[in-house]
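A short worksheet on the structure shown next.
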Amino acid sequence: MPSPFFRSLRPAALCFLLFLAGCAAPTLSMDVLEPGSANEVATMRRLAVSKFRNDDGGVATAALENALGSVMVGRGQHFTLVNAQSLKEYSEGLNPDLALVGRTGKHAGADGVVLGTVTHSGWHDQFTSEQRSVCVARNENGSCQKMANRPVRCVRRTGTFSFLPKVVRASTGEIIFSQEFSEVEENTACYDRDGMELAPGYALIASAREQAIRQFVETVAPHFVRIRIPLLVEDATAMPEKLKASITASIKGGVDEVQAGRVDKACAQWSAAGLSYPTGYALPYLNGVCAEYAGDLEAALEQYRLADKRSPKSVPEISEALSRVRRTQDNQRKLSQQLQ
């Protein structure tokens, strides 16, 4: 049976596109739901967020609350945020009483309390230079006769944001997660360009803060990632030329269908070809890709194993496919816990 984690993504969130870049092999891109790596935090569904230390105006705290409250899986909100106003006096000090923080959070109805410190928030400028190719000699009609490299003065502006969140289990007051997240955002402008403009320092800090908070949220909550699966377009198995030509035509015909946005037709074509030509490894591999598309991981694993068995030597795409499906199966077991 197709996995419910994949069924829930179609057709809006689970999509496949074909990308052809020069001579590179075609690929299918796929959005997949992955569990948060901090499993114990991800299983908590009610969180309280206390104001972070060194957070002027509570900007980072508010941004974190908004990010956690915006985690949507399927049609539901993953985290419910409870009012943490009563935690303020207990959690802002250098050494907060974690047992008291936990009890207060539990009394408010939270499974866990998020607190921590903004460890860095600022920006600075650095003067640099870049080489430009400029005309240093012209002829009588104004055409350039000689070019040379000349240094141009530039400014690189860097915004940095770092914070150290901690998650406390409300029932025990124990810290179950603590990790620093840091991001840097840069912008460069040079004086040889008209209207030289540098991004404001506060804007770079805001962008770095958003990225750092996103890292944290993806660590503690289920989130979508995009994977790209390469499509095999030829089969190196030794076989009669006429048979190889037929199999190759079926493979490329399916690729054309995918390129036209008709993935289901491509999969139907590859499935029929696999039944007609029970040889080679490319067709079972492609049928494995189609099974992943449908969310049927057991069928995908079966087809990838068949492709691996038929291949005369190790094929990187097949080896990666086997590993990928096993990772996805393991992730789904974790997601079952996190989505309860």
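In units of the compact-protein estimate 2.2 N^0.38 Å, the chain shows a Cα radius of gyration of 1.36.
Annotation for the range 113-140 versus the range 46-60: alpha-carbon center distance of 31 Å. When peptides 137-149, 234-246 are sorted by average Cβ neighbour count within 10 Å, with the highest value leading, the order is 234-246, 137-149.
Across the range 39-221, the convex hull enclosing all Cα atoms gives 155 Å³ per residue.
Take the Cα of Gln85, go 7 Å toward its beta carbon, and the backbone nitrogen atoms of the range 99-123 under 18 Å from that spot belong to 104-110.
Each of Arg53, Arg226 was scored by other Cβ atoms within 10 Å of its Cβ. Arranged with the fewest first, they read Arg226, Arg53. A straight Cα-to-Cα reach below 23 Å connects Lys51 with the lysines Lys88, Lys106, Lys166, residues fewer than 8 places away in its own chain not being considered. At 4 °C and 1.567 mPa s, what whole-number value in µm²/s does Stokes-Einstein give for the translational diffusion of the range 124-252, with Rh from the Kirkwood sum over Cα pairs? So the translational diffusion coefficient is about 60 µm²/s.
By the Cα gyration tensor, the range 126-201 has an equivalent ellipsoid whose semi-axes, rounded to whole angstrom, run 53, 11, 8 from largest to smallest. Neighbours of His223, meaning other residues whose beta-carbon lies under 12 angstrom from its beta-carbon, give a summed charge of -1 when Lys and Arg score +1 and Asp and Glu score -1. Database remark: amide H of Val73 closer than 5 angstrom to the amide H of His78 (H placed geometrically; neighbours at sequence offset of 5 or more, or on other chains; Pro and chain starts carry no H). Using a cutoff of 8 angstrom between alpha carbon atoms and counting only pairs six or more residues apart, the relative contact order for the range 39-221 works out to 22 percent.
How much length, in nm to one decimal, is gained on full extension between Ser314 and Val225, taken as 0.36 nm per residue of separation minus their Cα-Cα distance?
Contour length minus the Cα-Cα distance gives 29.3 nm.
For the chain, the relative contact order comes to 20 percent (Cα pairs under 8 Å, sequence separation of at least 6). Put in line by how crowded their Cβ is, counting other Cβ atoms within 10 Å and starting with the fewest, Thr43, Thr104 read Thr43, Thr104. As a length-normalised measure over Cα pairs under 8 Å and 6 or more apart, the relative contact order of the range 176-333 settles at 15 percent. Annotation: extensible slack from Lys242 through Arg46 equals 64.3 nm (criterion: 0.36 nm per residue apart, minus Cα-Cα distance). Stretching the chain fully between Val155 and Glu174 yields a gain of 2.2 nm (0.36 nm per residue, less the alpha carbon separation).
Each value in this text was obtained by applying a stated rule to the coordinates, not by laboratory testing. This is a predicted model, so every value here is computed, not measured. Cβ atoms come from the backbone with ideal geometry, glycine included; neighbour counts cover every protein chain shown.
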